[in-house]
1. Once you charge only the Cβ atoms, +1 for Lys and Arg and -1 for Asp and Glu, what is the size of the charge dipole of the chain about its Cα centre, to the nearest 20 debye?
2. If you keep only loop residues by DSSP, which trypsin sites (Lys or Arg not before Pro) in the range 7-57 have at most 14 other Cβ atoms within 10 Å of their Cβ?
3. Using the charge dipole of the chain (Lys, Arg: +1 at Cβ; Asp, Glu: -1 at Cβ; taken about the Cα centre), state which of SER47, LEU13, GLY24 has its Cα farthest towards the positive end.
4. Can you name the helices of the chain, as whole DSSP H runs, whose Cα span along the helix axis is 30 Å or more and whose Kyte-Doolittle mean is not below 1.6?
5. Calculate, for the chain, the solvent-accessible area per residue in square angstrom, rolling a 1.4 angstrom probe over the heavy atoms of the protein chains.
6. Can you tell me how the chain classifies by the Cα gyration tensor, rounded, prolate or oblate, using a/c under 1.5 as the rounded cut?
7. Tell me, what is the 1.4 Å probe accessible area of LEU13, in Å² to the nearest 10?
8. Loop only per DSSP, at most 16 neighbouring Cβ atoms within 10 Å: give me the GluC sites (Glu not before Pro) in the chain, ordered by residue number.
Amino acid sequence: MNLIDRYLSKKCLLRSKFQLLAIGALFISCKYEELMPRNIIEFVNFSGNCGTKEEIIQTESEKKKEEILP
């Protein structure tokens, strides 16, 4: 939730893109917390195909660009 809160405090987001933001935050969190992070394809499938692999990666890079990630 912290990643989502920090992102939303700096940028506005369309309601239709909120699920993509949540999946992106989960993907990033798993990279930090898991010993063996899941593959990005699993996140695409888990999200019900709300976004593509490229969109999730783009969401991650936007967070890095906004200096939201540690």
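The values are calculated or read from the model by the stated rules, or taken from the named source; none is laboratory data. Bear in mind the structure is a predicted one, so any value in this text is a computation, not a measurement. Here Cβ is always computed from backbone atoms with ideal geometry, including for glycine, and neighbour counts include all displayed protein chains. Note: areas computed on protein heavy atoms with side chains; ligands, DNA, RNA excluded. Shrake-Rupley method; radii C 1.70, N 1.55, O 1.52, S 1.80 Å.
1. 220 debye
2. Passing sites in the range 7-57 are LYS11, ARG38.
3. Comparing the listed Cα positions along the dipole, LEU13 ranks first.
4. TM-like helix candidates: nothing returned.
5. Accessible area per residue, the chain: 72 Å².
6. It comes out oblate by the Cα gyration axes.
7. Rounded to the nearest 10, the figure is 60 Å².
8. Values: sites: GLU33, GLU34, GLU42, GLU54, GLU55, GLU60, GLU62, GLU66, GLU67; in loops: GLU34, GLU66, GLU67.
Passing sites in the chain are GLU34, GLU66, GLU67.
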